[in-house]
Amino acid sequence: MVYVDMGYIDIHTHIIPGIDDGSKSNKESVEMLRQAYAAGITTLIATPHFSKGFCDYNTEDIRRYCRALEKYAREKVCADFKVYPGQEIFYNEKSLGMLQSGEVIALADTNYILLEFSPDITYIAMFQALREIAMTAYFPVLAHVERYGCLREAGRMEELRQLGVMMQMNYAHIGGKWYDATTRWCRQMLKEGLIDVLGTDMHNSTDRGLRMEHALTWMEKHLDEEYITELMCHNAQTIIMSVHKEDGNE
């Protein structure tokens, strides 16, 4: 396994209990923290869904839970464990305005935003939405890129990255069966260096947990160590350490 001094960073988690389809209890959140640390993760961003089905909470709920989880983690798991607030934002025409007004949270309160779309979105619609975001002071991070059929056509991942979009992939499909079409696509994108950051997208401590082990086994055989470190740590660290900028200002 590839290790880095600062530990791995997970920018996509549903670890806050009771506000979306993630953790259901404080006990489960604690177990998820413990499992994350056992896998080498020492920093994570809590990203509860913000969508039509999950919006019955406010940003202070997220920040309050993040403070509580970090306090527990530092006392019981690792003294340097960090938990940052964020959201996984289901894109609609109001998303940009809500970001600018502070109604939703960017990743770790930076200008990087974790965006998701309907899996059946057309490429034209996705491109136009991401271009709109990229033309502002915000930097889109496209959540679980493996879910979008429109990205399977050659050249489209590259085109979006040229806009400044960061590509986030979940570990789960990387470690899948060789004959699975999504697993093969994920592995090819990694071999071509088109993925920027990995995430667990963990929702619980069981069937939708970390799912990192098989992915790491494959990555260590097929990717160089420097790229693995970028995927699991350095690019996420760049997000977290970035300075917030007001729209239109350097």
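The values are calculated or read from the model by the stated rules, or taken from the named source; none is laboratory data. Given the structure is predicted, the values throughout are model-derived calculations rather than measurements. So basically every Cβ, Gly included, is an ideal-geometry build from the backbone, and we count neighbours across all protein chains shown.
Here is how the numbers come out for the structure above:
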read-out	value
Filter result for the condition that a residue is part of a helix (DSSP H, G or I), farther than 15 Å from Trp218 by Cα and at pLDDT 95 or above, over Glu153, Glu158	Glu158
Residues (of a type outside the set (A, V, I, L, M, F, W, C) and either modelled with pLDDT of 95 or more or outside any loop (DSSP other than H, G, I, E, B) (or both)) located in the stretch 128-137	Gln128, Arg131, Glu132
Counted residues, the stretch 201-229 - those being surrounded by fewer than 20 Cβ atoms within 10 Å (Cβ to Cβ), under 18 Å from the mean Cα position of the chain (by Cα) and charged (D, E, K, R)	3
Filtered residue count, the stretch 81-114, keeping only those that are surrounded by fewer than 21 Cβ atoms within 10 Å (Cβ to Cβ), part of a strand (DSSP E or B) and out of contact with any helix residue (DSSP H, G or I) (no Cβ under 7 Å at 6 or more places or on another chain)	1
Neighbours by Cβ (under 8 Å, 6+ apart or cross-chain): first from the stretch 72-95, more than 29 Å from Ala38 (Cβ to Cβ) and modelled with pLDDT of 95 or more; second assigned to a loop (DSSP other than H, G, I, E, B) and among the basic types (Lys, Arg)	Phe90/Lys52
Residue count for the stretch 50-73, restricted to those that are crowded, with 20+ Cβ neighbours inside 10 Å and part of a strand (DSSP E or B)	1
Residue count for the stretch 8-22, restricted to those that are closer than 18 Å to Tyr72 by Cβ and either part of a helix (DSSP H, G or I) or in contact with a strand residue (DSSP E or B) (Cβ under 9 Å, 6 or more places away or on another chain) (or both)	7
Boolean, Ala125 is modelled with pLDDT of 95 or more, under 16 Å from the mean Cα position of the chain (by Cα), in a helix (DSSP H, G or I) and of a type in the set (A, V, I, L, M, F, W, C)	no
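To keep it simple, each residue is scored yes or no on (1) among the charged types (D, E, K, R); (2) outside any strand (DSSP E or B); (3) without any contact (Cβ under 8 Å) to a residue 60 or more places away in the chain.
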residue: Lys177; (1), (2), (3): yes, yes, yes
residue: Gly193; (1), (2), (3): no, yes, yes
residue: Ser205; (1), (2), (3): no, yes, no
residue: Lys221; (1), (2), (3): yes, yes, yes
residue: Ile228; (1), (2), (3): no, yes, no
residue: Ala236; (1), (2), (3): no, yes, no
residue: Ile240; (1), (2), (3): no, yes, no
